[in-house]
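The values are calculated or read from the model by the stated rules, or taken from the named source; none is laboratory data. Everything numeric in this text was worked out from a predicted model, so none of it was measured. Counting neighbours? That spans all protein chains shown, and the Cβs are built from the backbone with ideal geometry, glycine included. The area values use the complete protein model at the heavy-atom level, side chains included, leaving out ligands, DNA and RNA. Shrake-Rupley method; radii C 1.70, N 1.55, O 1.52, S 1.80 Å.
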Number of protein chains: 2
Amino acid sequence: MNKRHSTDYKTYLSEEELPTHFYNIRADMKQDIAPMLNPGNQKPVTVSDLEPVFATELAKQELNNTDRFIEIPEEVRNFYKMYRPSPLVHAKFLEKELDTPAKIYYKFEGNNTSGSHKLNSAIVQAYYAKEQGLSSLTTETGAGQWGTALAMACGFFGLDLHVYMVKCSAEQKPYRKAVMETYGARVTPSPSLETKVGRAILEKDPDNSGSLGTAISEAVEEALATDNCRYVLGSVLNQVLLHQSIIGLETKAALEKIGVTPDIVIGCAGGGSNLGGLIAPFMRDRLAGKEAPYFIAVEPASCPTLTRGTFAYDFCDVGKVTPLAKMYTLGSGFIPSSNHAGGLRYHGMSPILSQLYHDGFLDEARAVEQTKVFEAATTFARVEGTLPAPESAHAIRVAMDEALKCKETGEEKTIVFGLTGTGYFDLAAYASYRNGTMTDYIPTEEDLQRSLQNIPHIAGIQ
Amino acid sequence: MNKRHSTDYKTYLSEEELPTHFYNIRADMKQDIAPMLNPGNQKPVTVSDLEPVFATELAKQELNNTDRFIEIPEEVRNFYKMYRPSPLVHAKFLEKELDTPAKIYYKFEGNNTSGSHKLNSAIVQAYYAKEQGLSSLTTETGAGQWGTALAMACGFFGLDLHVYMVKCSAEQKPYRKAVMETYGARVTPSPSLETKVGRAILEKDPDNSGSLGTAISEAVEEALATDNCRYVLGSVLNQVLLHQSIIGLETKAALEKIGVTPDIVIGCAGGGSNLGGLIAPFMRDRLAGKEAPYFIAVEPASCPTLTRGTFAYDFCDVGKVTPLAKMYTLGSGFIPSSNHAGGLRYHGMSPILSQLYHDGFLDEARAVEQTKVFEAATTFARVEGTLPAPESAHAIRVAMDEALKCKETGEEKTIVFGLTGTGYFDLAAYASYRNGTMTDYIPTEEDLQRSLQNIPHIAGIQ
């Protein structure tokens, strides 16, 4: 492979080189994802089924498996220019620290106020809502990156936003709440008394600390019950992977610009939007039978969706109000141990990534424990400057492990990973790592089986 | 003036265009600053006087008024490449929001984990300490940006660091403490029981909430009492303005690259390092009699050093252990009201900027009230994406005011300001602005006079 490496630390594409179209990997998949099913009648959902929940254009994108490229609206492209193209960084200091012959690059998505890649999809979803003349949106947020991103997007387009924030995160991260409010959003800890779903949960368990699944149920319930309001989701969905393809398109273009061909591409996977976006254009080569890198999805050992979950139809939320999607899942009632600090706590996985993993195109999923993740994060922060988000640090951990393998074998592999965001709002977790109170957690087989039993059994489907 | 404006939002210089030398404005000043005086004998300090406190090379830089350009060490340049050259941003969305014919640009220094321009000097100071074989450093920090920057720099070069953090800030910003600790620093709220100065203050006033002046005294005391240890300061000093000249050098080069000549250059001024660095190369033109922009220093109305202080010899710290510097000062005992949220709370001002202001080369100082500052900050965040540091938002306020004047007069002035950092650790202040509990504070004439009486009267000098 071409081993010409630039002497620069950072490669920026010019604003003229900003992609004009998103890449829709579904148009190229050998086996399309199984259709989402209406939970009432178990029939494939249509645009009309989705329209009460999503803005119409986004409902169309969700179901689009034919158009390979979808144009990025000009207003979205102009917004992107505030922080994109994002830099591709040659991690020379990390290479030196590890004393490895490997070459390590990362695509940095944290250089905007939301602190992560989530803004890439938030602005598209807010744009189509505004275009449709909607007046408000609802969503859920866990660590708060998605909520912040959507608050920024809604603030920019003048839309009202109500965010259901997983209660334990809202309590651990009051400043995440404050930044969303500064951008004009209303933030409610979930479960809340504002929805039927929330009230039912609190009645049974007043101390319920919340989960993404519950927060989704609440946000969807409100969107359905409110005029001129829709729901938006920051990961998992096909539309979100579509928007996040901008990460991979820029990464591939920047690597080509400096004449570098990656051997391994690594991304963290919670709902899958970052990984799906990062690998999309490389996966296109793989699907076309061309040379392509080895793909690794990294997930927390405490929420091991790909490595220990089941590939089955399941609900996307706890309240079971969303359509059923076929994906790797731990069961919609799965909640990682509260000692889990590092995000990526969703019970399911993007149907697109799930299908690609099931079919062997996504080469590997690897589960890592959080103390090892924070060890990698702290080293990375010290030598590369940037304090990474715990989520991103999952990818750093595996990139470092692969680079250390190269040190043993002497191979000069080129490793590319996604640095999805910064950890400025995760300092309580960093503090617990540093003072030794952070522990690891791996669900027992019993716990997992109990949760997997929640997956619906539907006659004729599974 | 040349009004050709680029169509890009962001202008990045290439890494090859990163300045190779700092610019030392003292070599070009019409009237050099008055010498710092040894507080014991009131004689001008020498390198030998400063060596017990500062690394030797930095002591030399502090007194250097002859070398116009000073080379940036290669290791520092390599570190800079992690986050520099920093972007010059055309604030097109802000122009549209204000509906102004003015063109607005800002140099963004917040795209690194310290969140501000402070890292530019921190890495130089840590480098020279490491070169000299020192093992540890002490410093003070207020809002925490400087402490974070120095923690990053010391972490990078493997130096121990002890940070005295102004107590009210340490309490308001626990996560700032955590990020410094993640980079390996030890953080102590000031006043503390670790130093004589701290103990004396706490004995008189156990609830003393601290000040930068006190924290400086403690850090200097420890450095003097500890083997192989020196003190470093993040602003005010000549050496810091020297290092921060990289901001102005890059800004000028980027503007020239896109063919833009600024009419007004605006920076916030606490100790003066950001403003001094930003304007330095433009001021060089002014001092050489060439065309140059109009310079505005912006300070908080609650700590109005340039607008209401006195140009006189004063101590740089509360404990009166530092040399005397001739500067604009409110008296070394001045502490802004505790309702002041926005940084820039130092009682003095860079002697270089003080002299330039006194001599009429720095055209104007303007004091602004914090609610107006946060109003500007919130608008800026919404339309330009980035959540600004409250310090930086002082410059935004005045940039917006100048742009609004242009709207009235129809003038197409080009306004450049320094966006020194991000406000991710200032969300308590943003929250208090949003919920209406933030108030303004302007010291009464009586309060000021009482503080100004602390300025020493030294026979034969003042």
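Do you know which residues across segment B:188-224 are in contact with a helix residue (DSSP H, G or I) (Cβ under 9 Å, 6 or more places away or on another chain) and open to solvent by 20 Å² or more (accessible area, probe 1.4 Å)?
B:Pro189, B:Leu193, B:Glu194, B:Lys196, B:Val197, B:Ile201, B:Asn208, B:Ser209, B:Glu221
Tell me yes or no: at least one residue of segment A:147-154 is closer than 19 Å to B:Thr113 by Cβ and open to solvent by less than 10 Å² (accessible area, probe 1.4 Å).
Yes, segment A:147-154 has at least one match.
Would you confirm whether or not segment A:143-150 contains a residue that is within 13 Å of another protein chain (Cβ to nearest Cβ), among the hydrophobic types (A, V, I, L, M, F, W, C) and either in contact (Cβ under 8 Å) with a residue 60 or more places away in the chain or within 30 Å of A:Ile415 (Cβ to Cβ) (or both)?
yes
What number of residues in segment A:97-110 are surrounded by fewer than 21 Cβ atoms within 10 Å (Cβ to Cβ) and within 13 Å of another protein chain (Cβ to nearest Cβ)?
1
Listed here are the residues, each with its yes/no results for (1) at pLDDT below 95; (2) out of contact with any helix residue (DSSP H, G or I) (no Cβ under 9 Å at 6 or more places or on another chain); (3) more than 17 Å from A:Gly267 (Cα to Cα).
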| position | (1), (2), (3) |
| --- | --- |
| A:Ala381 | no, no, yes |
| A:Pro388 | no, no, no |
| A:His394 | no, no, no |
| A:Ala399 | no, no, no |
| A:Lys405 | no, yes, yes |
| A:Thr409 | no, yes, yes |
| A:Glu412 | no, no, yes |
| A:Leu419 | no, no, no |
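Which condition number does A:Ala185 fail, the rest of (1) over 30 Å from B:Thr378 (Cα atoms); (2) in contact with a helix residue (DSSP H, G or I) (Cβ under 9 Å, 6 or more places away or on another chain) being met?
Single failed check for A:Ala185: (1).
Out of A:Ala403, A:Ala393, A:Ala429, A:Ala365, report the one residue that is touching a residue at least 12 places away in the same chain (Cβ under 8 Å), touching a strand residue (DSSP E or B) at 6+ places or on another chain (Cβ under 9 Å), open to solvent by less than 40 Å² (accessible area, probe 1.4 Å) and within 14 Å of chain B (Cβ to nearest Cβ).
A:Ala393
Residues that are within 14 Å of chain B (Cβ to nearest Cβ), part of a strand (DSSP E or B) and touching a strand residue (DSSP E or B) at 6+ places or on another chain (Cβ under 8 Å): does segment A:27-39 have at least one?
no
Consider B:Phe22 carefully, then state whether it is part of a loop (DSSP other than H, G, I, E, B), touching a residue at least 60 places away in the same chain (Cβ under 8 Å) and under 27 Å from B:Thr139 (Cα atoms).
No, not satisfied.
Could you check A:Leu94 against (1) within 14 Å of another protein chain (Cβ to nearest Cβ); (2) open to solvent by 20 Å² or more (accessible area, probe 1.4 Å); (3) touching an Asp or Glu at 6+ places or on another chain (Cβ under 7 Å) and say which number it fails?
(2)
Can you work out which of the residues in segment A:368-389 that are in contact with an Asp or Glu (Cβ under 9 Å, 6 or more places away or on another chain) and of a type in the set (S, T, N, Q) is nearest to the other protein chains (Cβ to nearest Cβ)?
Step by step, filter segment A:368-389, then rank; the result is A:Thr379.
Output the residues belonging to segment B:40-85 that are without any contact (Cβ under 8 Å) to a residue 60 or more places away in the chain and within 14 Å of chain A (Cβ to nearest Cβ).
B:Glu74, B:Glu75, B:Val76, B:Arg77, B:Asn78, B:Met82, B:Tyr83
If you scan segment B:300-330, which residues turn out to be more than 15 Å from B:Arg345 (Cβ to Cβ), open to solvent by less than 10 Å² (accessible area, probe 1.4 Å) and touching a Leu at 6+ places or on another chain (Cβ under 7 Å)?
B:Asp314, B:Leu324
I'd like the residue in segment A:168-179 that is open to solvent by less than 20 Å² (accessible area, probe 1.4 Å) and at the interface with another protein chain (Cβ under 10 Å from one of its Cβ atoms) and, out of all such residues, is modelled with the lowest pLDDT.
A:Arg176
Go over the candidates A:Arg77, A:Arg84 one by one and state the one that is in a loop (DSSP other than H, G, I, E, B) and either surrounded by fewer than 24 Cβ atoms within 10 Å (Cβ to Cβ) or modelled with pLDDT of 95 or more (or both).
Answer to the selection: A:Arg84.
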